[in-house]
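S.K.: Sharing a structure, written as structure tokens. Questions coming.
The values are calculated or read from the model by the stated rules, or taken from the named source; none is laboratory data. In this text, all values refer to a predicted model and were calculated from it rather than measured experimentally. For neighbour counting, all protein chains shown are included, and Cβ atoms are generated from backbone atoms with ideal geometry for every residue, glycine included. Areas reflect the complete protein model, heavy atoms only, side chains present, ligands, DNA and RNA absent. Shrake-Rupley method; radii C 1.70, N 1.55, O 1.52, S 1.80 Å.
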Amino acid sequence: MSPQTEIGMISIAFTESDVRQLRKERFYHPHPRVQRKMEKLLLKSRGLKHKEICEIVGICGNTLRGYLRDYDAGGIERLK
């Protein structure tokens, strides 16, 4: 079973494959901004609440929701 999160009416499921790719891109993608996006999605895939993620990484809720919407619309490739 894959972890899921809700964004309003959007339900996101993180597959095991996506979690592995998030981990890889978090450390090995050449662009630091993409690495940081992957970190935030990786934290969400672990079941952390939006508020917790925002406090840990120092972003606002709107930014996190934008990343989650991008992921929902086009997966990891869209985040790049």
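S.K.: Here are a few candidate values for P(r) over Cα pairs in 10 Å bins from 0, in percent: (i) 15, 39, 30, 14, 2, 0; (ii) 21, 50, 24, 6, 0; (iii) 19, 59, 21, 0. Which one was actually calculated from the structure I just gave you?
M.R.: Answer by label: (iii).
S.K.: Please give the per residue accessible area of the chain, computed with a probe of 1.4 Å over protein heavy atoms only, in Å². The partial results should precede the final answer.
M.R.: Numbers: 5160 Å² over 80 residues.
Here the residues of the chain average 65 Å² of exposed surface.
S.K.: Let me ask something else. Summing +1 for each Lys or Arg and -1 for each Asp or Glu, what net charge is found among the other residues whose Cβ lies under 15 Å from the Cβ of Lys24?
M.R.: Combined, the nearby Lys, Arg, Asp and Glu give +1.
S.K.: Residue by residue, what Karplus-based ³J(HN,Hα) values in Hz, rounded to whole numbers, does segment 44-51 have, using 6.51, -1.76 and 1.60 with θ = phi - 60° and x for Gly and Pro?
M.R.: 5, 5, 7, x, 5, 6, 3, 4
S.K.: ³J(HN,Hα) across segment 24-33 via Karplus (A = 6.51, B = -1.76, C = 1.60, θ = phi - 60°), whole Hz, x for Gly/Pro?
M.R.: 5, 5, 4, 10, 10, 5, x, 9, x, 5
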